[in-house]
1. In terms of modelled amide H atoms, which long-range or inter-chain residues lie less than 5 Å from the amide H of A:Ser231?
2. Test of the criteria: in the range B:23-74, which trypsin sites (Lys or Arg not before Pro) are in a DSSP loop and have at most 15 other Cβ atoms within 10 angstrom of their Cβ?
3. Roughly what percent of Cα-Cα pairs across the range A:1-59 reach past 13 Å?
4. From the phi angles alone, apply the Karplus equation (6.51, -1.76, 1.60; θ = phi - 60°) to the range A:203-216 and give each ³J(HN,Hα) in whole Hz, x where the residue is Gly or Pro.
5. Ignore the peptide's own chain and count Cβ atoms of other chains within 10 Å of each Cβ in A:271-278; give me the average, rounded.
6. Which FRET efficiency, nearest 0.05, do A:Ser67 and A:Glu198 yield, Cβ-Cβ r, R0 30 Å?
7. Helix B:31-42 versus the longest principal axis of chain B: what is the Cα-based angle in degrees, 0 to 90, to the nearest 10?
8. Taking N as the number of residues in the range A:145-229, what is its alpha-carbon radius of gyration divided by 2.2 N^0.38 Å?
Amino acid sequence: MPAGYRKTLIRQIGQHAHSEIVGQLPEGNWITRAPTLERKAILLAKVQDEAGHGLYLYCAAETLGVSRDELTEKLLDGRMKYSSIFNYPTLNWADMGAVGWLVDGAAILNQVPLQRTSFGPYARAMVRVCKEESFHARQGFDVMRKMATGTPAQQKMAQDALNRLWFPALMMFGPSDAESTHSEQSMAWKIKMNSNDELRQKFVDQTVPQIEFLGLELPDAGIKWNEARGSYDYSDPDWSKFFDVIQGNGPCNVDRLAARNKAWKDGAWVRDGLLAHARKKAARKHAAE
Amino acid sequence: MKNEWPLWEVFIRGQHGLSHRHVGSLHAPDAEMAIKNARDVYTRRNEGVSIWVVEANNITASSPSNKGPLYEPAESKVYRHPTFFDIPDEVGAM
């Protein structure tokens, strides 16, 4: 395997795994405050899925010869990134709808083609992830639908969540093809199957009718059907904001990394204790034989 | 961080009477915990009725570079497949 291909995959799969793990935080924020027991159980199941997705992906990365702890360390000290979308706060319950619907919806579009990516373990992890991800998007849309057809106050919350998360969701596909650092090489290696702009357009085209179905206002005055292209025109996100968040200046960057570091530190005694117990048990068994 | 838990490969039997199939891997301190973790990670949607785990470093794998010597000889032995033989239509199903 060429060294560059391996390095690129470790970076991409690792970053993907970190995104799943950090992605638990914005939604975990609302588990204890879900409006009904059913919504709480659903949200809990979704967040548990994200942990699972992280694990599938870490395992795929490990087949390339990098250890789990090494990847974790690099996340915790900031040497590796995770998706910028998780550096935005989830301010109210409508955000749970918008995150599932838009963020997971965008993630699905990114991940479906990855089921055919050139590296087998990554592709196989994606098959499992995509199956579960549809549940996430649908439950988000369901939350949104409830809010959008609720009281005027709830409708306002739904609109506000859509407005706030629309452009960050568009940014999830990465910068425009011309400015994307790794795109060209990754496409040549067939790690990546579609261009960022292609997937972003697909997202807009599929989401605009859903916004209209919900009876919400379009979050961007630039959205217009373009008959000639057979697609919606839309405004480009403000990419200076995107790069600013990547640089660490988003609203929640510091909190997210602090939460991951704390979880890792607080869990150390459990990891060490279980390992010590396992070793003791193995030694005892060995002595008895 | 040298206290990394060992890697386990997970095999699951689906509900269709098929054999256990490799589904992925995970880290766990011992076999018992590996089964528990496998249950949480790989059977959240009724994917299985039985789990096997085996520590990854106990698996011996054939080398991809041996593909030729190992599998090419079978290619010339087409007579091992039933379709090699012509059975006249009059004979009926066989």
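1. A:Asn226
2. B:Arg44, B:Arg45
3. 63 percent
4. Each residue's phi maps through the Karplus curve to give 4, 4, 4, 7, 8, 4, x, 5, 4, 5, 4, 6, x, 9 Hz.
5. 5
6. Efficiency, from the Cβ-Cβ distance: 0.30.
7. Once rounded, one gets 70 degrees.
8. After normalising by residue count via 2.2 N^0.38 Å, the value is 1.35.
Any read-out appearing in this document is the output of simple, stated calculations on the displayed coordinates, not a laboratory observation. For clarity, every value in this text was computed on a predicted model and none was experimentally measured. Please note: Cβ atoms are built from the backbone with ideal geometry, for glycine as well, and neighbour counts cover all protein chains shown.
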